[in-house]
1. How many residues are small (Gly, Ala, Ser) and either at pLDDT 90 or above or part of a strand (DSSP E or B) (or both) if we restrict to segment 120-136?
2. Residues that are part of a loop (DSSP other than H, G, I, E, B), open to solvent by less than 40 Å² (accessible area, probe 1.4 Å) and either touching a helix residue (DSSP H, G or I) at 6+ places or on another chain (Cβ under 7 Å) or modelled with pLDDT of 90 or more (or both): does segment 9-24 have at least one?
3. Hey, among Ala104, Ala54, Ala72, which residue is open to solvent by less than 60 Å² (accessible area, probe 1.4 Å), farther than 22 Å from Trp35 by Cα and at pLDDT 70 or above?
4. In segment 32-42, how many are open to solvent by 30 Å² or more (accessible area, probe 1.4 Å) and free of Cβ contacts under 8 Å to residues at least 12 places away in the same chain?
5. Please determine, by comparing only the residues of segment 112-135 that are charged (D, E, K, R) and closer than 16 Å to His59 by Cβ, which one is least open to solvent (accessible area, probe 1.4 Å).
Amino acid sequence: MLAHRREFSIQLSSTRRGARLARRLATQQLAEWGWSYDSELSRTVALLVAELAANAVQHGRLPGRDFGLRVAADTGGEVPVTLRIEVSDVRDDRQPPSPAGIEAPAPDSEGGRGLILVGALATRWGTTGREPVGKTIWCELDVGRTRPR
């Protein structure tokens, strides 16, 4: 069986509303690909997109500039299914720490746990530069050999 690549991408406003919409659109896309809204994968993707989009809006925002969401799945074939989530913003001057460089915030801190959550839920994650400007925070989930319905 040949591998099949599915992709979804969209630009969204760098607002809280845009971040909420990113989460909803990602889970809707998974449902269209065959993973139900109430599946464990859909709930995990919703959390990952919510954290990455919130970070793009809070830390990567420039007035009048959008952020990008991309969700891609490699399905079928002889390899395990991999789902990749990418959130891109226009701020290359605000880089997150590397996965190994994340430190837990103080217990009474109101923030600083988003990338810890991403690290706990995703198989792997990281940052890449974005042309012509900005950065992309990505994470991947090895879904296994399961296939959408």
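1. Number of matching residues: 3.
2. Yes - at least one qualifying residue is present in segment 9-24.
3. The conditions single out Ala54.
4. 4
5. Lys135
The values are calculated or read from the model by the stated rules, or taken from the named source; none is laboratory data. Remember, it's a predicted structure, so these values are computed and weren't measured experimentally. Reconstructed Cβ throughout: ideal geometry from the backbone, glycine too, with neighbour counts over all protein chains shown. For accessibility, only protein heavy atoms count, side chains too; no ligands or nucleic acids. Shrake-Rupley method; radii C 1.70, N 1.55, O 1.52, S 1.80 Å.
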